[in-house]
Amino acid sequence: MYKMALRGDDSTEVAVERRRAAEAERKARIFNTRSRVMGVDLDTLDHQVAERQLQRDAERQQEKHLEHLRRSQDIALLQQVREEEERLSAMNSDLAQYWATHQRVEDSRDADLKCNQQGASKFTMPEAELGPSSMQVFLGEDVEANQRRREQIEKTERDLQAQKQDAEKRRMKEKRIEELIRNKLVHQDLRAVELEALEEECRKAVRMALSNCNHALAAERVETLRKQRRQEEGQSLAEMGHMVTSDMLTECPEAAERGLGRVLTDRWRGMTPQQLSAIYREREEQRLRRQKQHETERAREAAWDLQRMTLARKGEEEERKERELQRERKIQLDQYNMQLAKEQQAHQEYLDKKLYTNRPSGDYFNQFNTTSR
């Protein structure tokens, strides 16, 4: 027998090489610190960036709203300060007027000293009534001082009573003004509620009108298509009849006597009354159709304007709700982050103080990850 060189089984070697290549690829994938530790998820990061941008936009809108509110409050505060200054100025003017009218210097007890008046001279006694000493009343003495003091006290009490009455009247006036303002605010609130109800009714009416208009337009469209179809069919039948009864097919002998492609003016006597009435009728129908089309377009434009206003209001309401949801979500996220921070801190303290008390050496870590299995 002949000796033949038999080839070995190559499938085993191919399988071994394939496993070695898979093992090398697996090692490269597992021992890659960047992809194993970081685990970057681009979709999640993009989603977080988009959420952060939306949150910043919401915060920017909130800051603009707060700035507008602060400006309005500053304007109101300045108006209030201005009104308070005007009120104080009016009170000072009234007080000065009261002093000038009821508390003059000439009416005081020291008027003779302040106004250079000789008040004591009118209280001097006649010389016939004076005694031998002739020195009973001296210059500058006030004989009726007690009586004038009592009159001054009574006058002061009357003035104080008048001031109290004025203050009470002013307080009652302010109370009435506040009551009027409160009644006006209540009336405005009721008016706003009524206007809102009327607006809702108007919206319902407009929706019904728009629905009716749409139905009418749909019916008109169907009727127009039906008329157009009938007209096309009539035109086709007329064309067929014209072709059947034309001079070319019937070979009419009078065709030679007519003008080819032109009107013989010497024989034409104008349009017939039927043709003129048809033209007038067609023109009137065109005018009515154009007028109806204009009215339909105006109604459609009004309906679209109302729908745009409704959509704008809904958009503003949705934006306000979205801002509120963003604010609540931010508060919940802050609370959740604080809770996670506390739990992480507690866990880290547990690891540092209780669990990892015995630190391993480098030989302990070197015994792991020597293979991919």
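Per-residue answers, yes or no, for (1) more than 30 Å from Asp57 (Cβ to Cβ); (2) under 33 Å from the mean Cα position of the chain (by Cα):
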| residue | (1), (2) |
| --- | --- |
| Gln274 | yes, no |
| Tyr280 | yes, no |
| Glu285 | yes, no |
| Ala303 | yes, yes |
| Ile331 | no, yes |
| Ala341 | no, no |
| Gln345 | yes, no |
| Leu355 | yes, no |
| Asp363 | yes, no |
Only one of Ala167, Ala162, Ala238, Ala197 that is closer than 30 Å to Gln307 by Cα and surrounded by 10 or more Cβ atoms within 10 Å (Cβ to Cβ): Ala197
Single condition Thr245 does not satisfy, out of (1) at pLDDT below 70; (2) among the β-branched types (Val, Ile, Thr); (3) surrounded by 10 or more Cβ atoms within 10 Å (Cβ to Cβ): (1)
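The values are calculated or read from the model by the stated rules, or taken from the named source; none is laboratory data. Only a predicted model underlies this, so the values are computations on that prediction, with no experimental measurement involved. Positions of Cβ are generated from backbone atoms using ideal geometry, with glycine treated the same way; all protein chains shown enter the neighbour counts.
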